[in-house]
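Each remark here refers to the structure printed beneath this line.
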Amino acid sequence: MLAVIAVLLLLLPPAMPFEGSECDGSKYAPNSTFQANLNLVAAALPGNASSMPTGFATTTTGTSPNRAYAMALCRGDVKASTCDACVAAAFTAAGANGNCPNNTGVTMYEDACVVRFSSVQFLDFLRADQWQPGELAFQITPAFGNVTTVPGAWFSAAATVILTAVVDHAVAAVGNSTAMKYFATGEMDFQPKIYAIAQCVPDMTPSQCQSCLRTLVIQSTGLLVNTKPRWIMSFVAWCNLRYSVQPLYEGRSMLQLQAPPPPAVVPPSAAPESGGAGTKTKAVGISVGIGCSVVLILVCIFAFVVCKRRAKATKDGHPPALQKIAGAQCTIFDLPTLQEATENFSEKNKLGEGGFGIVYKGILPDGQEIAVKKLLERTGHGLKELHNEVLLLAELQHKNLVRLHGYCSHRDDTLLVYEYIKNGSLDNFLFESREESALNWEQQYNIILGIAKGILYLHEDSSLRIIHRDLKPNNILLADDMDPKIADFGLARLLGEGHTHTKTARAAGTLGYMAPEAMHGRMSPKIDIYSFGVLVLEIVTRRKNSSSGDHDAVNLLTDVWNCWTKGSISEMIDQSLDEYARSQALRCIHIGLMCLQPDPDDRPLILSVIFMLTRDNMEIQAPAQPAFFFRRESLLASLSSYDQPDIILDDNVSVNGVTITDLYPR
């Protein structure tokens, strides 16, 4: 018996240390004022946190713009000496030779503590008017090994029960003077035992802690469905939730839970009795056998008919590759229906034209208005683009994304059917001279924020990390309330779980909105941040980035930077704005310039962009000179230096130049 127990213990995966890091800030110079302030914070915070009963402390040192903010939260069960050592080790791990060298914004997740420091006041996020749990970028890390000794469904049910229990107990602990605030541990009598821990930052309100942890529960248990048993750790700076088949904490568990009952097992049929009972059983068996034979014959006939129809469909021009697309949750339209809806794709129903197709307005027989995108023939790319858009948009649901209703494929025609957006694209409102189409500042600001939230969903909240790769004004549609909706995911690049960068031999996007590295085929979420920066400047100034009609004109990015360095940036915004609106507009320009940094690592994450947009007192780093572009002739001469880039050329054609860093204008 002892030998069996020893073998089972060896099969259990060890508890993985709860470690990770997030780098979310610009770079600071070695021996700079910010580094000096950060060193002071790093020296004070370990002692401050370890001396507090809750293991939580915040501190700040210095003055703007080099002020350093920091917080530390130690696990509720650790000793003061362990807390002190963990916080100190976290600062070392994030330092010049660590995970986030010379980064002004870092979050370190250690096994016994969480440490965060930044050049901005991030604690403002906990204010009642700022708390938005839907904007939190949660991270969930599954174990490398699985528990294979019990059925997956049973283990998943048990893990869900204990996670929910420790969350409820942690939130309830706020009213118990003998318990650690927002901290709970639990143990379930399972085979193997399951241990769980939940914790929130003590400065949170009970509702904030509850919403933070319950979001983690939902996301964590989502990974448990139909999988082998596994343990998961999930975290964000404000709360964390973990469970394992090995102890995660010191001392006795706060909760002792019983395992849920195992799944019901259907017992084998009893042997037939002699006499009348046996005769009845035999008769039932014969009847069942006959019935099964009939069903089997019907199934074979049905399968034969289906195969014949599929073969005919393929012969008529429907490629077999569409069979896997048909599994998406959307409608498959036939071509005559869309021809009738658009009056045979009449020119009067044409809404616009882009690099991948022409869009027409249509009305279905039930009166529903739709937008039909007829993809252009692109030497085999049409089906690939259809596949991308259907699989992506059928799964994505967000108020700032255009919804896909369905698709149609008939011989050489490939069409996508979207919701119809009445107001059309953003470029019609920004660059039209008609007064009735002008946007007021509140609408402009809400459009900027809405685009950012749509990008956040694509980068962080969707099931896969998605890079749009072609953000520009005519890919932003405006709904009736002028809320922006991001359209056209035909160029989206998917990143698998755990990847942040990829490389492709094909550069795709629109010149004038493409990040410098994208022209070399290097893809990361930061190329969307760059495009967003261009969009922000265009929205605030109501000017295109460049004008193909005037080859000698300085483009928008260069013009904005020149005014920024001269201290005359106010000249580029609407002079009729009131003081608060002018302040918002100038802040948006500042954020736009931060998004246009030549080095992708210097551009903020989209979550940080949203923080900057929604928190007026949040300090923003001084931008360096952006990656800007020259006129058309320079680009055409320089394209030969790229290895046959496949670039969608827009009217705004440009090239990035060498950049330098100037002093921050006062």
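Filtering region 510-522 to residues that are crowded, with 24+ Cβ neighbours inside 10 Å and not in a loop (DSSP other than H, G, I, E, B) leaves Thr510, Ala518. Taking the criterion of being surrounded by 20 or more Cβ atoms within 10 Å (Cβ to Cβ), not aromatic (Phe, Trp, Tyr) and not in a loop (DSSP other than H, G, I, E, B), the residues of region 41-60 that qualify are Val41, Ala42, Leu45, Pro46, Ala49, Ser50, Ala57. Whenever a residue of region 538-552 is crowded, with 17+ Cβ neighbours inside 10 Å, its partners that are part of a loop (DSSP other than H, G, I, E, B) and modelled with pLDDT of 90 or more, lying with C-beta atoms within less than 7 angstrom and at least six residues away or across chains, give the pairs Val540/Ile573; Thr541/Ile573.
Restricting attention to region 65-83, the residues being part of a loop (DSSP other than H, G, I, E, B) and under 31 Å from the mean Cα position of the chain (by Cα) number 5.
Contact map, region 563-581: residues that are under 16 Å from Leu537 (Cα atoms) paired with residues that are among the small types (Gly, Ala, Ser), Cβ distance under 7 Å, separation 6+ or inter-chain. Pairs shown: Ile573/Ala585.
Would region 192-200 turn up any residue that is over 25 Å from Ala72 (Cβ atoms) and at pLDDT 80 or above? Yes; the residues of region 192-200 include at least one that is over 25 Å from Ala72 (Cβ atoms) and at pLDDT 80 or above. The set of residues in region 587-606 that are surrounded by 20 or more Cβ atoms within 10 Å (Cβ to Cβ) and either under 22 Å from Met572 (Cβ atoms) or modelled with pLDDT of 95 or more (or both) comprises Cys588, Ile589, Ile591, Gly592, Leu593, Met594, Cys595, Leu596, Gln597, Pro598, Arg603, Pro604. Scanning region 98-132 for residues that are charged (D, E, K, R) and more than 25 Å from Tyr249 (Cβ to Cβ) returns Asp124, Arg127, Asp129.
Table: residues versus (1) closer than 23 Å to Gln199 by Cβ; (2) in the same structural domain as Cys595 (by TED's automatic domain parsing); (3) modelled with pLDDT of 85 or more.
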residue: Leu8; (1), (2), (3): no, no, no
residue: Leu12; (1), (2), (3): no, no, no
residue: Ala29; (1), (2), (3): no, no, yes
residue: Leu40; (1), (2), (3): no, no, yes
residue: Ala90; (1), (2), (3): yes, no, yes
residue: Val106; (1), (2), (3): yes, no, yes
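The values are calculated or read from the model by the stated rules, or taken from the named source; none is laboratory data. This one's a predicted model, so the numbers in the text were calculated from it and none came from an experiment. Positions of Cβ are generated from backbone atoms using ideal geometry, with glycine treated the same way; all protein chains shown enter the neighbour counts.
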